[in-house]
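The values are calculated or read from the model by the stated rules, or taken from the named source; none is laboratory data. Everything numeric here is computed off the predicted structure, so don't read it as measured data. Note that each Cβ is placed from the backbone with ideal geometry, even for glycine, and that neighbours are counted across all protein chains shown.
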Ligand code: ARG
Ligand code: ZN
């Protein structure tokens, strides 16, 4: 069954309050729920039945206003409870029995590593009890948790503790009360033997908030960075958006079995441990940064998501797009803004563009879905974030902030729509956002084809921009969008030119915002002495593909002189992509691959430029990924891409060997590692140089790499050495990998890294190795992180996953056939690499479809998996 956005109807019954009592047991868990319900519709038109969502539990009893309901008074179906006749206002008591220890879906109440925990977004609450499990039913929750005192000394739920005490049989209880009305998807419960590290934060209005991070005793030393990140996020949201925290305590719990990254439950965030736990020895700089970002993300949801929530799940981007934008800005302010923007663009252009160009393409605000969990996508999250960013660009920072304030003020405590958000922006800015709204309803990545011409006689540069958008499923025709195109002009010496739009006598600032809102538009820039080089889409001002016929020397000029970090980086990426795609064509035609001296010269220039931003330099020296190159090809040839890209790495490393060695040397430090020591850019650049050097397959370099592995005092440099070694056909490889495993076998996060290293290896026998690892004692089918570390990582290994005989596809599906019954949600997500089959040549198309059909043929396919398979075949 498909659910359509236009079928939305407000709830017939609202829940004024809910009292929950959980008796957690080793065998069964009892849940008693008492709902104060009230009819919210006009009864003069007739009585409507009470319909509650619920499944996957045993119903023990049902009472209405204190009287047990006789069997004739209600109906239970596979997914609902229907009570045909109820009073206007009444209480309903429901008793259900669950078996959390058998819940491998990791949705609702489940067990992980001896503790109880929950995940209710999007629709997990309905597997706990009968409830109107929809985000527009907001209620006051009071929750009592009862459990064995020895095994579960820590009992948590949302809000503040009200009461606690001892019970017979060694049990105890705590009652929690959340003063904020919230939808069921924000409910959370945790029980276990957990260590707690504490801190506190004083809000801008002087309130003291207790911060508590719960983790396993063995991980007690790994939570400091998460807590520090939380405090930074709290301060940042006050300073940047004027948002203050609203409860007396903020709790975060780390769990090992988790389907996604983390969850913003009110006052009680639950996190995948990988986004909490870190020490310098076990986490890389990248891990540290990801933790800061996810901690920020969940914290920011307290306003963008919890205080103002979604009316229905079609509005998911209302909270997710906005919160992604907020966490991106937070990270940009904590680290290097330019480098952060580049990383975000890189992700968008691989993950989201691929989604937008595939069979599951959907607008940021989808029109329909079968399973909402399938719509926690790069489109809803990251493209959604780009739409917020475009609004800020179009409105300007000040009016944007006014719009945000108005949105929070108007809708605090409500469940609203994306339209409400856009309206607040329009009202606060007096801007016409009519055409802009199409971004929310039109799927697909717009293509902007730009061209320039220069009239030397009158000093005018003319920029012509044509926009179009390819058809996507259900949307054959597209309308032109309102696109902010931020541009600058450079002269031939690389100097920024004052930009004067024709007809405007006042010289503008160097960077100009062009508002594109027609299929074709022309902009004239006047007062120029010579032909300029345009810097287009500065800051990646819109999530589009931009085509401009740059010449080789234009790109070299931009690489050297452009002031906007994104454009500067992009120039190098375009140059590299041109070179590598030409090699792909050579490879396909059976021609010999030859290095391009002009390209080598351009890369030598940046490598030796002395650019002080080392992280930027590392970005600039990193070739476009195989996935991004694939995105640029009409028919993807993964083998040729892999060969051409590897050839290019070697073609750079060979002549630049000594430069790479020198830069690496200059970036390495003898000082011990420090988190936030300001040297992560240097480490990244040094490790990139090492990776280039390792492509030379030189004994001396391999020794250097092994030496780095042996002497490293931090996981960043350890992985910097292990990454290249994992793909190195040298006798030391297996020994080092074994040593690494032996040393770290007690650390889940590091063992995950070890599985991924092996799954991502270039070596020819990688698939055999991965198959063998399925039988490794540390492999766990039911643990999402572990499954993703091995099977998920392998599906990202382009040449191996896309092996021409289909062995990679078959392997993935063999494993998914085992996972589907245990965890449909994670299975559906891991199917994504197969859904892009149309992008390949007929041989692979057939093999990929065959594998999808193998899943399709399963009896009782879960809805998650069914939707992905049906839509992609
Ligand atoms: N709201 C969470 C976040 O963005 C994601 C939870 C999604 N979980 C799910 N099962 N769909 O951080
Ligand atoms: Zn989120």
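The helices (runs of 4 or more DSSP H) falling completely within the range 283-401 that include 2 or more residues that are within 11 Å of ligand 2 (Cβ to nearest atom) and over 29 Å from residue 748 (Cβ atoms) map to 316-334, 384-395. Any residue at all in the range 223-240 that is in a loop (DSSP other than H, G, I, E, B), at pLDDT 95 or above and within 16 Å of ligand 2 (Cβ to nearest atom)? No, the range 223-240 has no match at all. Cβ separations smaller than 6 Å between residues 6+ apart or across chains give the following pairs from the range 280-308 residues that are farther than 30 Å from residue 422 by Cβ and touching a residue at least 24 places away in the same chain (Cβ under 8 Å) to residues that are within 11 Å of ligand 1 (Cβ to nearest atom) and assigned to a helix (DSSP H, G or I): 291/275.
Applying the condition of being under 18 Å from the mean Cα position of the chain (by Cα) and surrounded by fewer than 24 Cβ atoms within 10 Å (Cβ to Cβ) to the range 276-290 and asking which residue is nearest to ligand 1 (Cβ to nearest atom) yields 290. Filtering 193, 266 for residues that are in contact (Cβ under 8 Å) with a residue 24 or more places away in the chain and within 16 Å of ligand 1 (Cβ to nearest atom) leaves a single hit, 266. Restricting attention to the range 70-98, the residues being assigned to a loop (DSSP other than H, G, I, E, B) and either free of Cβ contacts under 8 Å to residues at least 12 places away in the same chain or surrounded by 17 or more Cβ atoms within 10 Å (Cβ to Cβ) (or both) number 4.
If you go through the range 253-272 and keep only what is closer than 29 Å to residue 713 by Cβ, surrounded by fewer than 24 Cβ atoms within 10 Å (Cβ to Cβ) and more than 14 Å from ligand 2 (Cβ to nearest atom), you end up with just 256. Taken residue by residue, the range 310-332 has no member that is more than 12 Å from ligand 1 (Cβ to nearest atom) and within 15 Å of residue 224 (Cα to Cα). Taken together, 107, 93 contain a single residue that is farther than 28 Å from residue 259 by Cα, under 40 Å from the mean Cα position of the chain (by Cα) and modelled with pLDDT of 95 or more, which is 93.
Every residue, every condition in (1) part of a loop (DSSP other than H, G, I, E, B); (2) free of Cβ contacts under 8 Å to residues at least 12 places away in the same chain; (3) surrounded by fewer than 21 Cβ atoms within 10 Å (Cβ to Cβ); (4) touching a strand residue (DSSP E or B) at 6+ places or on another chain (Cβ under 6 Å), yes or no:
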| site | (1), (2), (3), (4) |
| --- | --- |
| 758 | no, no, no, no |
| 768 | no, yes, yes, no |
| 778 | yes, no, yes, no |
| 800 | no, no, no, no |
| 843 | no, no, yes, no |
| 849 | no, no, yes, no |
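The one condition from (1) within 16 Å of ligand 2 (Cβ to nearest atom); (2) surrounded by fewer than 22 Cβ atoms within 10 Å (Cβ to Cβ) that residue 428 does not meet is (1). Among (1) at pLDDT 95 or above; (2) outside any strand (DSSP E or B); (3) under 30 Å from residue 433 (Cα atoms); (4) out of contact with any helix residue (DSSP H, G or I) (no Cβ under 8 Å at 6 or more places or on another chain), there is one condition residue 521 misses while meeting the rest; what is its number? Failed condition: (2).
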